[in-house]
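Heads up, the thing below is written out as structure tokens.
Read the figures in this text as sums done on the coordinates, not as results from a lab. Worth saying up front: this structure is predicted, and the values here are computed from it rather than measured. For neighbour counting, all protein chains shown are included, and Cβ atoms are generated from backbone atoms with ideal geometry for every residue, glycine included.
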Amino acid sequence: MRRFHIKQQLQEGSLMIDDAALTHQVRAVLRMKPDDEIALFTGGEALGWDFRFRISRITDRVVSGRVLERIKNEREPRVHVTLFQSLIKKDKLEFIFEKCTEVGVSAFVPVVSERSIKKGVHQERAEKITKEASEQSGRALAPDIQPIVTFAEAVAAAKNAGGLTIVAHEKETRRSLDAAPPASRQVSLFVGPEGGFSEKEITLVRNAGFFIVSLSRRVLRAETAAIVGSYAVLSRFGS
Ligand code: SAH
């Protein structure tokens with residue numbers, strides 16, 4: 001069933017959805033008709049629930065119908081993964097936002113590191129990407145995209161978040177994720193830019209007590225490392 005995130009609060013009963021993008025999608029793209037069903041989800045009190053919705057009427061502006069039932073969403077990972085991703089080219093960064101949302105990352109922190117391509121983040125487009133990836137992949141929420149931070153700020157934020165911090169580093173040859181200590185609820189994952197982390201940065205994270213790992217014997221592209229690294233962390237600590 002097609003799923004849509006909406007801003008309105010949800011409960012069983014009749015509902016008029018006032019959302020131009022959703023109306024356009026339902027009407028013009030999916031060409032849905034009365035009696036077709038979609039699933040809706042939102043944050044707030046209804047976070048963690050999907051609502052089965054039967055359409056009764058579609059106009060130019062709104063979709064009306066009934067919420068038939070609410071179904072518990074069981075697709076959120078048990079462990080909260082924050083991906084501290086060094087800035088890379090915008091299209092590749094957006095690819096990471098999309099794929100890592102599907103995989104199960106809960107928050108993204110873009111990081112300016114020494115060898116970053118300083119292109120920034122198109123916040124509005126990035127949020128649209130994570131929203132659509134959440135809808136598609138069945139997640140109960142769209143991950144947060146936090147403001148860009150410096151490398152030092154990222155280290156401090158990861159320390160503050162508690163839990164375990166993993167740093168993916170292609171020059172690490174001995175330690176893999178298998179050797180990481182157990183983590184309960186929070187894991188932070190650092191992935192570098194195309195040029196990799198500098199020695200200074202590696203010293204900084206080592207001094208912070210973070211766990212530096214190899215993800216592969218091959219050298220991966222940053223976006224590949226972000227995707228497989230997130231997957232590896234989730235499958236190790238609670239997908
Ligand atoms: N420029 C470097 C590669 C950097 S790859 C070189 O050519 O040697 C970009 C980022 O992906 C790295 O900073 C690291 O975080 C991650 N990465 C790539 N391959 C990895 C591997 N085998 N193990 C762990 N991390 C890896």
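Taking every Cα-Cα distance in segment 1-153 and sorting them into 10 Å bins from zero, the calculated P(r) comes out as 11, 36, 29, 17, 6, 1 percent.
In terms of the ratio Rg/(2.2 N^0.38 Å) built on C-alpha atoms, what value belongs to segment 1-86?
Working: Rg = 14.4 Å, N = 86, 2.2 N^0.38 = 12.0 Å.
Normalised by 2.2 N^0.38 Å, the Cα Rg of segment 1-86 equals 1.21.
Of all DSSP-defined beta bridges confined to the chain, some 40% are antiparallel rather than parallel.
Give me the dipole magnitude in Debye, nearest 20, for the chain about the Cα centre, with unit charges on the beta carbon: positive for Lys and Arg, negative for Asp and Glu. Could the numbers behind the result be given before it?
On the way: 37 positive and 30 negative charges, 79 e Å.
Charge dipole, the chain, about its Cα centre: 380 debye, nearest 20.
Treating the angle as unsigned and between 0 and 90°, give the value, to the nearest 10°, between the Cα long axis of helix 90-103 and the longest Cα principal axis of the chain. Tilt relative to the chain: about 70 degrees. List residues of segment 223-239, by number, whose backbone nitrogen lies under 18 Å from a label position 7 Å along Cα→C-beta of R78. Counting only backbone N, you get 231-239.
The angle between the Cα long axis of helix 123-137 and the main principal axis of the chain comes to about 70°, on a 0 to 90 degree scale.
As a check on your grasp of the helix formula, calculate [θ] at 222 nm for the chain: sum -39500 (n - 2.57) over DSSP H runs of n ≥ 4, divide by the residue count, round to the nearest 500. It would help to have the intermediate numbers written out before the result.
Numbers: 6 runs with 70 residues, N = 239.
Calculated at 222 nm, the ellipticity per residue is -9000 deg cm²/dmol.
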